[in-house]
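Only one structure is covered here, and it is reproduced in the block below.
Just so you know, all these numbers are worked out from the coordinates, no wet-lab data involved. The structure presented is a predicted model; accordingly, all values stated were derived computationally and were not measured. All Cβ positions, glycine included, derive from the backbone under ideal geometry; neighbour counts span all protein chains shown.
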Amino acid sequence: MLVKNAKFFLGGKITEKDILIEGERIKAVGSFSGKGIDASGFLVLPGLIDAHVHLRDPGATHKEDFHSGTRAAIAGGITTVLDMPNNNPPTTTLERLEEKRAIASKKAVCDYGFHFGAGTNNFEEVKRAKPGSLKIYMGKTTGDLFLPDEKLIFLHFQNFPKDKPIVVHAEDQAIIETEGRTPLAAQVAVAKATMLAEKSGRTICIAHASTAREIELAKKWRKSLVETCPHYLFLDQEKIRHLGNLGKVYPPVRDEAERKKLWGALDSVDYVSTDHAPHLPKEKEKGAAGFPGLETSLALMLDAYNKKQIGMEWIISRMCENPARIFNMRGKGKIAPGFQADLVFVDLRKEWKVRAENMQSKCGWSPYEGMSLKGKAAKVIFRGELVLDGEEMVKEIRGKEVMQ
Ligand code: NCD
Ligand code: ZN
Ligand code: ZN
């Protein structure tokens with residue numbers, strides 16, 4: 001396959017070249033004769049990598065499954081997802097990881113990897129399963145995964161290979177129980193996790209940072225990495241008031257002042273994930289926490305780019321290159337010879353309205369419903385094949401596990 005006239009970033013500079021694809025990989029960039037897909041009028045990005053999604057499979061496939069969730073990813077320009085372990089039952093044994101692998105290998109239409117759950121007593125199991133990433137919950141959230149004290153956190157920090165990341169849901173359960181899910185609850189947990197990580201000399205990733213202070217605290221240890229999510233950048237308490245119970249998410253979206261401070265700390269954010277956490281509207285009415293996000297994250301960023309709020313290189317580093325590096329995915333996240341041919345053609349001029357009824361996710365709603373955005377994924381090439389063309393998912397290609 002040949003992509004003609006592709007505008008993309010190469011070595012920090014925007015360039016226009018043809019991209020020659022052989023099989024699933026980029027063979028060369030340059031000038032080539034022959035017919036191909038014309039990328040004129042688009043900007044071409046590496047397929048996005050979303051390191052934090054909840055595909056609910058197995059356990060709650062009425063909310064999402066590996067098929068619907070990875071279709072949602074492709075629709076949003078995301079070609080790799082890392083699935084969280086807070087299933088019912090949680091992914092805390094090798095057997096459950098293998099079960100997920102079997103499901104994903106049959107249903108996923110983008111690439112995937114798995115975070116393994118840190119339990120109160122599964123240290124040997126973690127060693128046996130050898131997952132690419134471990135997830136620790138310091139506060140209670142959807143599902144039962146939760147570590148009740150610092151000793152267990154520290155033991156996992158010591159036990160898990162130092163060259164692999166541990167992702168931490170940092171909300172302090174004691175503070176949650178005293179004053180709720182305040183910024184302080186998140187910040188105290190980040191401070192604790194950061195100090196324990198420093199003591200263990202290991203890398204941790206602070207999941208879904210919702211305030212600038214968390215980022216500042218995390219960065220007191222040089223091996224702490226920080227994730228944030230679009231809803232903390234584009235939504236605040238004011239903007240979600242109309243959502244009622246639909247607006248519940250952990251950690252909560254903050255007030256406008258916190259949101260602005262978060263924008264001011266973006267240089268220190270290492271990667272952006274969606275925390276795609278689908279629940280049905282009727283479950284939200286009963287208090288379920290979480291937002292879907294796979295089909296809106298890139299578009300929200302492109303809209304912000306159009307408004308000159310954010311640079312394109314920031315988007316590419318935080319949503320493609322950095323997650324590939326942090327989660328040890330070889331051959332991902334870049335447009336260069338030898339890399340996997342996962343490409344997103346973005347139409348920066350496309351004006352559209354967010355409508356959940358047009359989405360692939362099973363959950364059927366979006367916190368951004370009705371929002372007007374400028375910019376969208378217009379075509380997706382995954383593993384060398386055109387899978388999304390305009391609004392059409394034209395083909396399904398089986399995804400593979402990419403983080404091991
Ligand atoms: C997530 C979910 O529903 O799985 N919910 C959420 O509000 N973020 C769990 C989590 O990421 O903490
Ligand atoms: Zn979480
Ligand atoms: Zn999550």
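Brief remarks follow.
- Cα centre as origin, Lys/Arg/Asp/Glu Cβ charges: the stretch 224-284 dipole, Debye: 320
- Note on the chain: with charges restricted to the Cβ of Lys and Arg (+1) and Asp and Glu (-1), its dipole about the Cα centre is near 700 debye.
- Dipole magnitude of the stretch 59-102, debye to nearest 20 (Cβ charges: Lys/Arg +1, Asp/Glu -1, about Cα centre): 100
- Gyration tensor (alpha-carbon) shape descriptor, the stretch 45-125, a/c threshold 1.5: prolate
- Projection of the Cα convex hull of the stretch 198-272, averaged over all directions and equal to a quarter of that hull's surface, yields 5.0 nm².
- Simple rule: put +1 on each Lys or Arg Cβ and -1 on each Asp or Glu Cβ in the chain, find the dipole, and look at P252, V44, V402; the Cα lying farthest toward the positive end is V44.
- Normalised contact order of the chain, rounded percent, pairs of Cα under 8 Å and 6 or more residues apart: 21
- Rg/Rg_globular for the chain, with Rg_globular taken as 2.2 N^0.38 Å and Rg from C-alpha atoms: 0.93
- Shown here for the stretch 122-189: trypsin sites (Lys or Arg not before Pro) in loop regions (DSSP other than H, G, I, E, B) with at most 13 other Cβ atoms within 10 Å, namely K162.
- Against the chain, whose longest principal axis comes from its Cα atoms, helix 94-107 is set at around 30 degrees.
- Evaluated at q = 0.13, 0.16 Å⁻¹: base-10 log I(q)/I(0), Debye formula over Cα of the stretch 323-369: -0.58, -0.76
- Paired Rg and Dmax values of the stretch 79-123, which use every Cα atom, in angstrom: 10.9, 34
- Cα centroid of the stretch 176-214 to Cα centroid of the stretch 80-105, whole Å: 25
- Leading residue at positive end of dipole, the stretch 186-291 (Cβ point charges), from L262, G201, W221: G201
- Based on DSSP H segments of at least four residues, each scored -39500 (n - 2.57), the chain has a per-residue ellipticity at 222 nm of -8000 deg cm²/dmol.
- With the alpha-carbon atoms of the stretch 346-404 aligned to their principal axes, the span from lowest to highest coordinate is 37, 27, 22 Å, starting with the largest.
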